[in-house]
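Down below is the structure, laid out as structure tokens.
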Amino acid sequence: MIEELNQLGGAAPRIGDLPAGSGAVVWSLDTTLGVIGGHAADGAEALLDEGERKRAARLVRPGDRRTYLASHLGLRVLLGGYLGTAPEEVRLVREDCPNCGGPHGRPAVAGGGVHFSLSHSHGLAYFAFAAVPVGVDVEGLPSSKAVADILSSLHPAEAAEITALPEDGRRVALARVWSRKEAYLKATGTGLAYGVAEPFVGSGPTPGRVPGWTLRDLPAPPEFAAALAVRSV
């Protein structure tokens, strides 16, 4: 279990070596900061590549665009630290999709060197870095309506666990399930193509066991849940 997160703030971060084996390093970021890792957030676009700038431009709501730019600036600052290069020199690619073989699988660094994952929600971003495939996810607590809408798409045992809880506990339980599943699906690169029923990850305080992977819940602020998935070695 990761007991505390590294915080990426306004100053240039102190970045150590990647952990060996199935270890992972997790960072969090307040995406409303004006300076991120020593770089002005307003100048983030200049450090991103063409694909990132196009994706940011397609976001209609200014808040969504701001969160995307800030989180990708943070990602490049941290990747640059682990790779020993400037943020703007990090070249991002897509791995082949494990479902269809197309070039839209997990985001990756050209040439390898580090595996990473990024998630953001409501002004908060989480980043995970490892020597093996890794996924991270942070989720705001869903509404009661969202809980009712999503239950039928979960593993039957997860749906039963959540349904058995008092009304005020269901939102937290679903956020746990969803963050665990998203972290795993990001780590594998499969995404939502086959739905979210599998694998079973459980809604209780301890994640279910998934063969070949280690799932961990991460510290998160109130009204959020977060999880990490790392491939076992």
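The values are calculated or read from the model by the stated rules, or taken from the named source; none is laboratory data. None of these values were measured; they are calculated from a predicted model. Don't worry about glycine lacking a Cβ; one is built from the backbone with ideal geometry, like all the others, and counts go over all protein chains shown. Heavy atoms of the whole protein, side chains included, go into the accessibility calculation; ligands, DNA and RNA do not. Shrake-Rupley method; radii C 1.70, N 1.55, O 1.52, S 1.80 Å.
Rundown of residues vs (1) of a type outside the set (Ser, Thr, Tyr); (2) touching a Cys at 6+ places or on another chain (Cβ under 8 Å); (3) in a helix (DSSP H, G or I), yes/no style:
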position: Asp17; (1), (2), (3): yes, no, no
position: Gly21; (1), (2), (3): yes, no, no
position: Trp27; (1), (2), (3): yes, no, no
position: Thr32; (1), (2), (3): no, no, no
position: Gly43; (1), (2), (3): yes, no, yes
position: Leu59; (1), (2), (3): yes, no, no
position: Tyr68; (1), (2), (3): no, no, yes
position: His72; (1), (2), (3): yes, no, yes
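Quick one: count up the residues across region 54-81 that are in contact with a strand residue (DSSP E or B) (Cβ under 9 Å, 6 or more places away or on another chain), of a type in the set (A, V, I, L, M) and open to solvent by less than 10 Å² (accessible area, probe 1.4 Å). Break it down into steps so the answer makes sense when it comes.
The initial filter retains those residues of region 54-81 that are in contact with a strand residue (DSSP E or B) (Cβ under 9 Å, 6 or more places away or on another chain), namely 67-68, 70-79.
Pick out the ones that are also of a type in the set (A, V, I, L, M) and you get 70, 73, 75, 77-79.
Checking which are open to solvent by less than 10 Å² (accessible area, probe 1.4 Å) leaves us with 70, 73, 75, 78-79.
Adding up the residues that qualify gives 5.
For (1) in contact with a helix residue (DSSP H, G or I) (Cβ under 8 Å, 6 or more places away or on another chain); (2) among the hydrophobic types (A, V, I, L, M, F, W, C), each residue gets a yes or a no:
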{"site": "Leu69", "(1), (2)": "yes, yes"}
{"site": "Gly81", "(1), (2)": "no, no"}
{"site": "Pro87", "(1), (2)": "yes, no"}
{"site": "Cys100", "(1), (2)": "no, yes"}
{"site": "His104", "(1), (2)": "no, no"}
{"site": "Val109", "(1), (2)": "yes, yes"}
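Inspect region 156-173 for any residue being surrounded by 14 or more Cβ atoms within 10 Å (Cβ to Cβ), under 19 Å from the mean Cα position of the chain (by Cα) and under 25 Å from Leu124 (Cβ atoms) and give the result as yes or no. Yes, the conditions are met somewhere in region 156-173.
Determine whether Asp30 is open to solvent by 50 Å² or more (accessible area, probe 1.4 Å), within 30 Å of Trp213 (Cα to Cα) and acidic (Asp, Glu). When the stated conditions are applied, Asp30 passes them. What residue, among those in region 209-233 that are in contact with a Leu (Cβ under 9 Å, 6 or more places away or on another chain) and charged (D, E, K, R), is least open to solvent (accessible area, probe 1.4 Å)? Restricting to residues being in contact with a Leu (Cβ under 9 Å, 6 or more places away or on another chain) and charged (D, E, K, R), the top hit is Asp217. No other residue among Val147, Val136 is under 26 Å from Tyr194 (Cα atoms), open to solvent by less than 30 Å² (accessible area, probe 1.4 Å), out of contact with any His (no Cβ under 9 Å at 6 or more places or on another chain) and assigned to a helix (DSSP H, G or I) apart from Val147. Cβ separations smaller than 6 Å between residues 6+ apart or across chains give the following pairs from region 24-36 residues that are under 18 Å from Gly81 (Cβ atoms) and hydrophobic (A, V, I, L, M, F, W, C) to residues that are open to solvent by 10 Å² or more (accessible area, probe 1.4 Å) and assigned to a strand (DSSP E or B): Trp27/Asn6. Would you mention how many residues in region 174-222 are out of contact with any Gly (no Cβ under 6 Å at 6 or more places or on another chain) and either among the charged types (D, E, K, R) or part of a strand (DSSP E or B) (or both)? Going through region 174-222 one residue at a time, the tally reaches 13. Scanning region 74-94 for residues that are assigned to a helix (DSSP H, G or I), farther than 18 Å from Val138 by Cβ and free of Cβ contacts under 8 Å to residues at least 60 places away in the same chain yields Arg76, Leu79, Gly80, Leu83, Pro87, Glu88, Glu89. Inside region 164-223, residues that are aromatic (Phe, Trp, Tyr) and touching a Phe, Trp or Tyr at 6+ places or on another chain (Cβ under 9 Å) make up a count of 2. Within region 192-208, being on the phi > 0 side of the Ramachandran plot and open to solvent by less than 30 Å² (accessible area, probe 1.4 Å) holds for one residue alone: Gly202.
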